[in-house]
1. Taking B:Ala40 as meeting all but one of (1) open to solvent by 30 Å² or more (accessible area, probe 1.4 Å); (2) out of contact with any Asp or Glu (no Cβ under 9 Å at 6 or more places or on another chain); (3) at pLDDT 95 or above, write down the number of the exception.
2. Would you tally the residues in the stretch A:39-80 being open to solvent by 10 Å² or more (accessible area, probe 1.4 Å) and more than 10 Å from chain B (Cβ to nearest Cβ)?
3. Do you know which residues across the stretch B:56-104 are under 15 Å from the mean Cα position of the chain (by Cα) and of a type in the set (A, V, I, L, M, F, W, C)?
4. Has the stretch B:94-104 got any residue that is touching a Gly at 6+ places or on another chain (Cβ under 7 Å) and surrounded by 18 or more Cβ atoms within 10 Å (Cβ to Cβ)?
5. Which count do you get for residues in the stretch A:81-95 that are in contact with a Phe, Trp or Tyr (Cβ under 7 Å, 6 or more places away or on another chain) and more than 10 Å from chain B (Cβ to nearest Cβ)?
6. Got a number for residues in the stretch A:1-29 being out of contact with any helix residue (DSSP H, G or I) (no Cβ under 9 Å at 6 or more places or on another chain), at pLDDT 95 or above and under 27 Å from B:Asn17 (Cα atoms)?
7. Is the stretch B:59-73 home to any residue that is part of a loop (DSSP other than H, G, I, E, B) and closer than 30 Å to B:Arg219 by Cβ?
8. How many of the residues making up the stretch A:96-116 are under 11 Å from A:Ala83 (Cβ atoms) and surrounded by 18 or more Cβ atoms within 10 Å (Cβ to Cβ)?
Amino acid sequence: MQQAAFNVDVRYPASGCAVLDIQGDMTGAAEPALSAAYAGIDSGAVKTVILNFDALDYMNSSGIGLLVTILVRVNGNNQQLLATGLNDHYQEIFEVTRLSDAIRIFPSEADAIAAA
Amino acid sequence: MSDEKQQPARTPRDSGNWAPRAESLQVSAAPAGARNINVAGRQVSGPVQGFGQLWQKTYRVALEGAELEPAVVLADWQANFNDFLPASERFHLPEEGLNPGNVALIDTDIANVPLVSTGVMVLYRDEESFAFMTPEGHPESGWITFSVSPHADGYVVAQIQSLARAADPLYEFGFRIFGSRMQEGIWSHMLTQLAGHYDLTVPVSVERQQVDSKMQWNRAGNIRQNAQIRTTLHTMTTPVRWVRSRIGR
């Protein structure tokens, strides 16, 4: 299967908030980049991590596993993990895997920041 | 008015690979011989909902020495899934196949005594992998992915990767005493059998990564759904059900 590149950028749109812009294919191969992006966030200053899936192209079961490992690290740092930019399909996957029990989903980045 | 045309919603490439949303698991037609308990009506339960420490375990076998295509290996794996398991494990695969959303029933016996009856839901499937997710009451809470991929050196690698917690305190205790070793034995056996299917004798590697050392005590109540306890009660009350069925005739 042909894979599109995975990329993740980090932004700080508001005080105490970091946004991870996820782009491309989220598979097991995305682990080093995602892990490094999260590791670069100052866990003392950032209390809310927002995953922006606006440019997500594809996700498999290994990819959703990466979100679990990020969730564990976020919880361990007393931060909260929010998600935005999920289309209906990926929102359904969050519900099927019951990740939505632990990661609140917002229709827009502004809504997520307001709830942070 | 803007000249911009609204872009039509893209169909995700993984559309159709994932199980659809469902309130609870349904068992359409239980295969003959399956105990079919502890699954129907249950919700699936992932790493978030479990109790114990979170582990990612990766089992790999390099199928070196045979010219194989990943898609062929995956198809063989699915077709012989039950045969590749140890004799104590019986997977009753759905007649409709391993399609996302379908349920497989599992019966585990020790010395012909029922130990635990549970199942799994097919969470995901594509041309390189398939994944199962556990229901409430299953010893583990999480998912397990079976995949086949080409290696740069020309051979094929088969992999099993689980991401799961013990579902409740009793299971966590059991995993620490013997369950973890038993589980690793099951999946190592499966990969050894898969390699043997191609007349290969190759070692299986196991990587263990503790993702979360904490236990989720707010999930201790999962023990109410414990499939092992319920399977034992089901076995003990078999004579009662037999008498009731005779009276009811």
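1. With respect to (1) open to solvent by 30 Å² or more (accessible area, probe 1.4 Å); (2) out of contact with any Asp or Glu (no Cβ under 9 Å at 6 or more places or on another chain); (3) at pLDDT 95 or above, B:Ala40 is out only on (3).
2. Count: 15.
3. Scanning the stretch B:56-104 gives B:Trp77, B:Phe81, B:Phe84, B:Leu85, B:Phe91, B:Leu93, B:Leu98, B:Val103, B:Ala104.
4. Restricting attention to the stretch B:94-104, the residues satisfying the condition of being touching a Gly at 6+ places or on another chain (Cβ under 7 Å) are B:103-104.
Next, only the ones that are surrounded by 18 or more Cβ atoms within 10 Å (Cβ to Cβ) stay: B:103-104.
Yes, because at least one residue in the stretch B:94-104 is touching a Gly at 6+ places or on another chain (Cβ under 7 Å) and surrounded by 18 or more Cβ atoms within 10 Å (Cβ to Cβ).
5. Kept after step one, since they are in contact with a Phe, Trp or Tyr (Cβ under 7 Å, 6 or more places away or on another chain), are these residues of the stretch A:81-95: A:82-86, A:90, A:93.
Applying the additional criterion that residues be more than 10 Å from chain B (Cβ to nearest Cβ) yields A:82-86.
Selection size over the stretch A:81-95: 5.
6. First, the residues of the stretch A:1-29 that are out of contact with any helix residue (DSSP H, G or I) (no Cβ under 9 Å at 6 or more places or on another chain): A:1-2, A:4-5, A:11-12, A:15-16, A:21, A:23.
Right, trim to at pLDDT 95 or above and you get A:11-12, A:15-16, A:21, A:23.
Retained after the next criterion (residues that are under 27 Å from B:Asn17 (Cα atoms)): A:21, A:23.
Of the residues in the stretch A:1-29, 2 are out of contact with any helix residue (DSSP H, G or I) (no Cβ under 9 Å at 6 or more places or on another chain), at pLDDT 95 or above and under 27 Å from B:Asn17 (Cα atoms).
7. Step one: filter the stretch B:59-73 for residues part of a loop (DSSP other than H, G, I, E, B), giving B:64-69.
Okay, now just the ones that are also closer than 30 Å to B:Arg219 by Cβ, so none.
Within the stretch B:59-73, none of the residues are part of a loop (DSSP other than H, G, I, E, B) and closer than 30 Å to B:Arg219 by Cβ.
8. Looking only at that region, the number is 7.
The values are calculated or read from the model by the stated rules, or taken from the named source; none is laboratory data. Owing to the predicted nature of the structure, the values given are computational and were not obtained by experimental measurement. When we count neighbours, we look across all protein chains shown, and the Cβ atoms used for this are built from the backbone with ideal geometry, even at glycine. What goes into the accessible areas is simple: the full protein's heavy atoms, side chains included, and nothing from ligands, DNA or RNA. Shrake-Rupley method; radii C 1.70, N 1.55, O 1.52, S 1.80 Å.
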